[in-house]
Amino acid sequence: MKKQLMSKTLLLAMTLGLGACAMGPDYIRPVAPVASVVGSQPADVDTPQWASYFSDPALRAVIEKALANNRDLKIATARIEEARALYGIQKADFLPSVNANGSGNISRNNPDADISRRYEANLALLSYEVDFWGRVRRLSEAAKANYLASEEAQQSVRSTLIADVANSYYSAQALQTRSSFAEQTATARAESLRVVKRRMDVGVANRLDLLQAEAAQDSASSDHAALARQSVNAQTALAVLVGEAVSLPAANLNAEVVQLPSGLNSTVLLERPDVRAAEQKLVAANANIGAARAAFFPKVTLMGSGGVMSNELEDLFSGGNRAWSFLPQISLPLFDGGRLRAGADIAEARKVIAVAEYEKTIQLAFKDAADVLSDQVWLSKQLTAQQRLADRQEQRLKLAEARYASGLSGYLDVLDAQREFYAASQGLIETRRARLAASAQAFKALGGK
């Protein structure tokens, strides 16, 4: 009868604990502190998938290697496992802990006394907190939110890594192309220098033409060396991101890129992993307020045990004496020097911080998306204009060289045309790279997976 009473008491306490209301505010998502539309016209856009977003097969192979090898991504993945384990530990507080114990004691106080034997076996309920005020529930909510935040943070690291690899890949290819063009220019100017020397030998050119030609060739050689150094460094940076050396294929800076609509619904930004991670941290901060407030109320814990004991081991479970104990406890904080109040204040302050960080993350996401839409429009126009400029400067150079060869103009016109054509061509390569980099940034801005 007593055993049945104990079981019913435990069951009632567990039911009350699981059904109790949780202290503190329920989570309500803050209003996004940005406009409802990014750009001009609102449009819904699906979250891009990297395997279909990037059209270059060589780049896709590089991204696959980075996802397998990158150390930052491995760290973020391990943090998910850490947060999952912490959530499992916190969630275990919902259930009572029961241990099975067994002991034996054989003793004799003096040589003439009989041997004394005592054997015990019991099940013990270890300090189970009845969650009347929802303290354990709120702590579990916070642990779960932190776990989900770690998952989102890992996805954010992954999205950023993919965009960074693509951007680094484009930069390495562009620098390789610029270095190659500078080398070709240095070779062409060396040939121009030989022409000037021959003209000088026959008295057509003068010493000033020779010095100008030599300076032009040295300038191109110096630029080639600088760009070659930058190209090697860019490939090293890409190798660090990928986790192994990367062999760059022939550059294709005119590759097709995904075109976004002229405007986006800002709600799409709420699906970015960094925004979702910030929101889960806010959920955790909100839950911790409830846990801090519940600490002001009485804490009810249950302890108990039940088992058998006997003087003979073979009779322990058949003829042994049954024994049990039930030890409910209640504690109410009366004076703690303000520790609980300070804990509640800390929880409130951390929620304010979490709200501000969440809103800041949304604002940065909005800026990223707005920048991407602006870059898409203006880089397209810049690329068209830069292509026309490079074509015209090339025509100018050919005309200047022809006029110099026929004696209709001086070598200074050729030098000016060379410099302008070289600058326009290098600018064209850089603009093409910027267009591709903007596409990679768009993948990150939309929270690509």
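The values are calculated or read from the model by the stated rules, or taken from the named source; none is laboratory data. Because the structure is predicted, anything quoted here is derived from the model rather than measured. All Cβ positions, glycine included, derive from the backbone under ideal geometry; neighbour counts span all protein chains shown. We work out accessible area using only protein heavy atoms, side chains counted, and drop any ligands, DNA or RNA first. Shrake-Rupley method; radii C 1.70, N 1.55, O 1.52, S 1.80 Å.
Data table
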{"quantity": "Among residues of region 408-449, those that are more than 23 Å from Ser171 (Cβ to Cβ), among the hydrophobic types (A, V, I, L, M, F, W, C) and not in a helix (DSSP H, G or I), counted", "calculated": "1"}
{"quantity": "From Val377, Val372, Val352, residue being loosely packed, with under 12 Cβ neighbours inside 10 Å and either of a type outside the set (S, T, N, Q) or modelled with pLDDT of 95 or more (or both)", "calculated": "Val352"}
{"quantity": "Residue list for region 261-299, filter: surrounded by 20 or more Cβ atoms within 10 Å (Cβ to Cβ) and under 30 Å from Lys381 (Cα atoms)", "calculated": "Leu264, Ser266, Val268, Leu269, Arg272"}
{"quantity": "Complete set of residues in region 73-105 that are of a type in the set (Gly, Ala, Ser), in a helix (DSSP H, G or I), under 23 Å from Gly134 (Cβ atoms) and in contact (Cβ under 8 Å) with a residue 24 or more places away in the chain", "calculated": "Ala83"}
{"quantity": "Number of the exception - Glu152 against (1) buried (at least 20 other Cβ atoms within 10 Å of the Cβ); (2) farther than 30 Å from Gly243 by Cβ; (3) not basic (Lys, Arg)", "calculated": "(2)"}
{"quantity": "Among the residues listed as Arg117, Arg108, Arg138, the single one being open to solvent by 90 Å² or more (accessible area, probe 1.4 Å) and in contact (Cβ under 8 Å) with a residue 40 or more places away in the chain", "calculated": "Arg117"}
{"quantity": "Residue within region 230-244 that is polar (S, T, N, Q) and free of Cβ contacts under 8 Å to residues at least 40 places away in the same chain present", "calculated": "yes"}
{"quantity": "Any hit, region 54-61, residues being free of Cβ contacts under 8 Å to residues at least 40 places away in the same chain, closer than 16 Å to Ser159 by Cβ, part of a loop (DSSP other than H, G, I, E, B) and of a type outside the set (A, V, I, L, M)", "calculated": "no"}
{"quantity": "Test result for Ser179, open to solvent by 20 Å² or more (accessible area, probe 1.4 Å) and in a helix (DSSP H, G or I)", "calculated": "no"}
{"quantity": "Residues within region 266-291 that are at pLDDT below 90 and either outside any helix (DSSP H, G or I) or farther than 19 Å from Lys367 by Cα (or both), tallied", "calculated": "2"}
{"quantity": "Filter result for the condition that a residue is more than 27 Å from Val45 (Cβ to Cβ), out of contact with any strand residue (DSSP E or B) (no Cβ under 6 Å at 6 or more places or on another chain) and at pLDDT 95 or above, over Gln382, Gln387", "calculated": "Gln387"}
{"quantity": "So Val204, is it over 20 Å from Val414 (Cβ atoms), open to solvent by 60 Å² or more (accessible area, probe 1.4 Å), out of contact with any helix residue (DSSP H, G or I) (no Cβ under 7 Å at 6 or more places or on another chain) and among the hydrophobic types (A, V, I, L, M, F, W, C)", "calculated": "no"}
{"quantity": "Whichever residue in region 25-63 is among the hydroxyl-bearing types (Ser, Thr, Tyr) and open to solvent by 40 Å² or more (accessible area, probe 1.4 Å) and, among such residues, is nearest to Arg293 (Cα to Cα)", "calculated": "Tyr27"}
{"quantity": "Residue match in region 408-416 (condition: at negative phi and within 49 Å of the chain's Cα centre (by Cα))", "calculated": "yes"}
{"quantity": "Test set (1) of a type in the set (A, V, I, L, M); (2) open to solvent by 20 Å² or more (accessible area, probe 1.4 Å); (3) in contact (Cβ under 8 Å) with a residue 40 or more places away in the chain; (4) touching a Phe, Trp or Tyr at 6+ places or on another chain (Cβ under 9 Å) - Leu397 fails condition number", "calculated": "(3)"}
